Amino acid sequence: MPEARDQVPLPPGLDLLWGRRERGKRGPRAGLSADAIVAAAMRIADAKGLEAVSMERVARELGFTTMSLYRHVASKEELLQLMWNGSALGAEHLVIEGDDWRSRLRTWAIIQRDMLDRHPWITQMPMAAPPVAPNSLHFVERGLATLDETGLDDVDKLRIIGLLSSYTLSEARMANDAARAAAAAQAAAGDGPSGPPVPFDSLLRELLDEQTYPRLYRIAWAPAAATVSERDEFLWGIDRILDGVAVLIERTSQGGSG
């Protein structure tokens with residue numbers, strides 16, 4: 001067991017989530033709590049985006065004054081920490097089914113992507129470090145558990161989880177950015193002519209000539225170019241990462257190193 005040591009001071013938000021700071025006392029009216037504040041902020045973000053979240057707007061949503069919120073949540077930055085943790089609520093009870101490590105890990109990655117699609121504002125958050133809120137770490141723990149029978153060492157398991165998470169977050173961010181750009185263009189058009197964004201393959205067909213870009217031209221005019229969905233592309237990438245994990249497992253079983 002690790003030796004006992006002094007506790008490391010936690011940043012604001014994390015200290016509240018990990019029970020290192022007393023939660024605010026009940027306000028003058030029943031119903032106000034950190035949990036209620038986070039739930040309201042998430043509703044606003046789900047509907048309007050992260051930029052719509054402010055302490056004033058959350059207070060208005062709950063029917064309280066802005067100052068009353070600060071008895072429970074110290075700042076906007078702390079609220080974002082709590083929202084991140086709230087997005088993974090229930091992770092400790094998550095059961096990931098599958099016949100083998102690959103099917104279970106694939107399901108884990110898809111669950112993460114589905115969560116990001118439900119709460120796309122997460123992709124707008126600054127990410128200077130990996131999330132270490134309790135619910136986030138429960139989800140990481142579930143991902144690590146899918147690799148229990150692989151024979152990989154723990155460090156490689158964590159690297160695999162990080163790789164899948166980075167890929168999933170990147171793909172979700174691009175999809176969300178595209179959706180936000182399309183919505184902004186629609187709003188800017190007003191009553192003028194508007195329509196869905198031009199697909200990537202259509203732009204390539206419009207812009208490329210065969211002599212200058214022969215390979216891209218061939219891809220753009222391939223019959224399958226217009227039929228692959230963003231979801232299919234995401235899953236293709238997941239499967240290629242899992243192919244690499246399978247090679248690593250095989251190499252490890254034969255006494256090689258990662």
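The values are calculated or read from the model by the stated rules, or taken from the named source; none is laboratory data. It should be emphasised that the depicted structure is a prediction, and the values quoted were computed from it without experimental measurement. Here the Cβ positions follow ideal geometry from the backbone for every residue, glycine too, while neighbour counts run over all protein chains shown.
For the range 45-69, how many residues are part of a helix (DSSP H, G or I) and either among the hydrophobic types (A, V, I, L, M, F, W, C) or within 15 Å of Ser33 (Cβ to Cβ) (or both)?
Total meeting the criteria: 12.
When only residues in the range 131-167 that are acidic (Asp, Glu) and more than 23 Å from Leu17 (Cα to Cα) count, which is surrounded by the fewest Cβ atoms within 10 Å (Cβ to Cβ)?
Asp154
Is it true that Ser75 is assigned by TED's automatic domain parsing to the domain that holds Met174 and among the polar types (S, T, N, Q)?
no
Identify, from the list Leu116, Leu164, Leu147, Leu169, the residue that is touching a residue at least 40 places away in the same chain (Cβ under 8 Å), closer than 22 Å to Ile238 by Cα, assigned to a loop (DSSP other than H, G, I, E, B) and in contact with a helix residue (DSSP H, G or I) (Cβ under 9 Å, 6 or more places away or on another chain).
The conditions single out Leu147.
Name the single residue that is surrounded by the fewest Cβ atoms within 10 Å (Cβ to Cβ) among those in the range 210-258 being assigned to a loop (DSSP other than H, G, I, E, B), at pLDDT 90 or above and of a type outside the set (S, T, N, Q).
Here the residue is Glu210.
Which condition number does Met1 fail, the rest of (1) loosely packed, with under 15 Cβ neighbours inside 10 Å; (2) modelled with pLDDT of 95 or more; (3) among the aliphatic types (A, V, I, L, M) being met?
So Met1 meets the others, but not (2).
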